[in-house]
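Trainee: So that we are looking at the same thing, I have put the structure below in structure tokens.
Derivation of every value follows stated rules applied to the coordinates shown; laboratory data play no part. All values derive from a computational prediction rather than experimental measurement. So basically every Cβ, Gly included, is an ideal-geometry build from the backbone, and we count neighbours across all protein chains shown.
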Amino acid sequence: MQITRESFVDLKVIDNAKAQELVNDDNKVFERKYDGTAGIINADLETGEYKIFGRGVLKDGSQQEYTDTFPDLLPSVKIFCNKLDFLADVKDITLLGEIVVLDKEGNESFKGIESRCNRKKDIDMYAKTFPAQFMIFDALNFNGDFRQLSFQARRQELEWHKDIIRDSDRMILINQCSTPEDKQELLNRVNSGKYGLEGIVVKDLRNSYFEPALKYKYKCTEDVFWEGAYKEGKGKHEGKVGSLICYQYINGVKTEVAQVGGGFTDSLRDQLMIISKLISAENPRTLEVQTHELLPSGKMRYPNFIRWRFDKSAVQCTRELRQPEETKPIVQTFKQGLDSWI
């Protein structure tokens with residue numbers, strides 16, 4: 001199958017209210033949204049050609065290719081394809097998924113995947129330091145184009161071969177939540193911000209591949225305090241405030257949790273230069289930020305300024321971080337192949 005930019009169907013964004021509404025829709029299934037980079041595995045077993053493509057299009061118009069970027073995935077791809085060929089006589093396979101890097105606790109590492117993508121040197125060293133996994137979402141081709149089939153039929157093809165996928169080592173068939181109870185549990189976990197879950201993908205069992213799925217991404221607001229320190233901006237913000245270094249009291253200890261650089265107007269950045277001279281540890285200022293994710297370390301991912309909180313003091317900017325023993329059941333579930341969410 002020829003892979004182009006159109007092979008990667010964009011997802012339609014929904015809000016929490018819509019996601020909640022779909023919990024009781026029997027035609028909808030929920031899948032965890034992974035924090036990595038989209039990838040398509042395209043294997044022609046007759047020619048022995050195995051390729052991994054990314055979503056991007058290069059300057060010369062060619063499709064971004066990850067085959068050499070993620071060499072640690074190829075042995076697993078070949079194991080899967082060869083077993084599938086032996087058992088089911090499949091010669092042409094195209095799979096859609098997410099390439100992720102897991103940290104030592106079994107959670108996705110944004111730093112890891114960022115270090116791997118677009119790397120031109122020391123690839124083997126980084127492959128050992130940040131080994132990748134391929135989370136399979138969909139089957140686009142099994143000895144023929146599957147994209148016009150319903151998602152239920154495409155998923156069933158993957159279910160028939162889930163044992164082979166499990167034996168491949170670095171390929172994982174993601175779990176689905178189909179009952180209202182399981183969908184609600186996943187939505188609750190995402191909205192809690194406690195488990196590092198980026199969001200949810202909602203798929204209609206009746207839809208072809210070309211009918212876009214839905215995505216709901218978690219965002220929350222937190223109050224943090226600023227003591228006047230900042231990082232200078234770059235580019236058009238050079239000479240101005242780039243990001244504010246902000247803190248919370250995590251489990252009672254003052255901890256840097258965010259470098260807030262988004263959500264500022266140009267005029268506010270000018271004002272912050274003046275305000276920074278009036279702010280100190282003895283005279284901090286509290287602000288509300290929106291973040292995409294509360295990381296297990298306590299830090300916030302992509303924090304954006306919303307407003308000043310003149311009604312709240314620094315000592316009220318608190319958060320409790322779960323202890324390691326509390327995370328063990330969830331981590332164990334992930335390491336066992338994501339066979340269940342609870």
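Trainee: Report, in debye and to the nearest 20, how large the dipole of the range 1-80 comes out about its Cα centre when Lys and Arg carry +1 and Asp and Glu carry -1 on their Cβ.
Mentor: Value, rounded to 20: 160 debye.
Trainee: Continuing with the same structure: Just add up the charged neighbours of Phe146: K/R +1, D/E -1, any other residue whose Cβ is under 12 Å from the Cβ of Phe146.
Mentor: -1
Trainee: Further, regarding this structure: Report, please, the projected area of the range 210-270 averaged over directions, based on the convex hull of its C-alpha atoms, in nm².
Mentor: Its Cα hull, projected and averaged over all orientations, spans 7.2 nm².
Trainee: A follow-up question, please. By average Cβ neighbour count within 10 Å, what is the ranking of 195-208, 171-184, 267-280 from highest down?
Mentor: Details: 195-208: 20.1, 171-184: 17.7, 267-280: 13.2.
Order by mean packing, descending: 195-208, 171-184, 267-280.
Trainee: Here's something else I'd like to know. Can you give me the long-range amide H partners of Lys215? Hydrogens built in the peptide plane at 1.01 Å from N, cutoff under 5 Å, separation of 5 or more residues or another chain.
Mentor: The answer is Lys12, Val13, Ile14, Val202.
Trainee: Also, I was wondering about something else. Apply the Karplus curve 6.51 cos²θ - 1.76 cosθ + 1.60, θ = phi - 60°, to the phi angles in the range 287-300 and return the couplings in whole Hz, x for Gly and Pro.
Mentor: 9, 9, 10, 10, 10, 6, 7, 9, 6, x, 6, x, 6, 10
Trainee: Separate question: Work out the charge dipole of the chain with +1 on the Cβ of Lys and Arg and -1 on the Cβ of Asp and Glu about the Cα centre, then indicate which of Val201, Val289, Ser276 is farthest towards its positive end.
Mentor: Ser276
Trainee: Starting from the Kirkwood radius over alpha-carbon pairs of the range 1-145, derive D by Stokes-Einstein at 25 °C in a medium of 0.890 mPa s and give it in µm² s⁻¹. Show your work: numbers first, answer last.
Mentor: On the way: Rh = 16.8 Å.
After rounding, the answer is 146 µm²/s.
Trainee: With contacts defined as alpha carbon pairs under 8 Å and 6 or more residues apart, what's the relative contact order of the chain in percent?
Mentor: 17 percent
Trainee: Could you give each residue of the range 306-314 its phi-based ³J(HN,Hα) in whole Hz, using Karplus coefficients 6.51, -1.76, 1.60 with θ = phi - 60°, and x for Gly or Pro?
Mentor: So the J values, rounded to whole Hz, are 10, 6, 7, 10, 6, 8, 9, 8, 4.
Trainee: Starting from the amide H of Phe264, placed 1.01 Å from N in the peptide plane, find each other amide H under 5 Å away whose residue is 5 or more places distant or on another chain.
Mentor: Phe305
Trainee: Non-local amide H neighbours of Phe137 (under 5 Å, H modeled in plane, Pro and chain starts lacking H): which ones?
Mentor: Leu96, Gly97, Glu98
Trainee: Show me the ranking of peptides 92-102, 158-168 by mean Cβ neighbours inside 10 Å, starting with the highest.
Mentor: For the peptides 92-102, 158-168, the packing ranking is 92-102, 158-168.
Trainee: Also, I was wondering about something else. Output ³J(HN,Hα) for the range 129-141: one whole-Hz value per residue in order, computed from phi by the Karplus curve 6.51 cos²θ - 1.76 cosθ + 1.60 with θ = phi - 60°, and x for Gly and Pro.
Mentor: Here the 3J(HN,Hα) series is 6, 10, x, 9, 10, 10, 8, 7, 9, 7, 10, 9, 7 Hz.
Trainee: Please give the peptides 15-24, 121-130, 31-40, 299-308 ranked by average Cβ packing (other Cβ atoms within 10 Å per residue), highest first, as a rough proxy for protection.
Mentor: Going by the mean number of other Cβ atoms within 10 Å, highest first, we get 31-40, 299-308, 15-24, 121-130.
Trainee: Sticking with this structure for a sec: Along the positive direction of the dipole of the range 9-216 (beta-carbon charges: Lys, Arg +1; Asp, Glu -1; about the Cα centre), which of Ile113, Leu140, Leu173 reaches farthest?
Mentor: About the Cα centre, the residue reaching furthest to the positive side is Ile113.
Trainee: Among bridges DSSP assigns within the chain, what percent are antiparallel (round to 5)? Display every interim value, and only then the final one.
Mentor: Working: 63 of 72 bridges.
Counting only bridges with both partners in the chain, antiparallel ones make up about 90 percent.
Trainee: Based on the Cβ-Cβ distance of Leu278 and Arg301, what FRET efficiency does E = 1/(1 + (r/R0)^6) give at R0 = 30 Å, to the nearest 0.05?
Mentor: FRET efficiency, Leu278 to Arg301: 0.55.
Trainee: While we're on this one: Would you work out the charge dipole size for the chain about its Cα centre, treating the Cβ of every Lys and Arg as +1 and the Cβ of every Asp and Glu as -1, and quote it to the nearest 20 debye? It would help to have the intermediate numbers written out before the result.
Mentor: Working: 50 positive and 54 negative charges, 218 e Å.
It comes to approximately 1040 debye.
Trainee: Which log10 I(q)/I(0) values does the chain give at q = 0.14 Å⁻¹ under the Debye formula, counting every alpha carbon as one identical point scatterer?
Mentor: The computed values of log10 I(q)/I(0) come out as -1.20.
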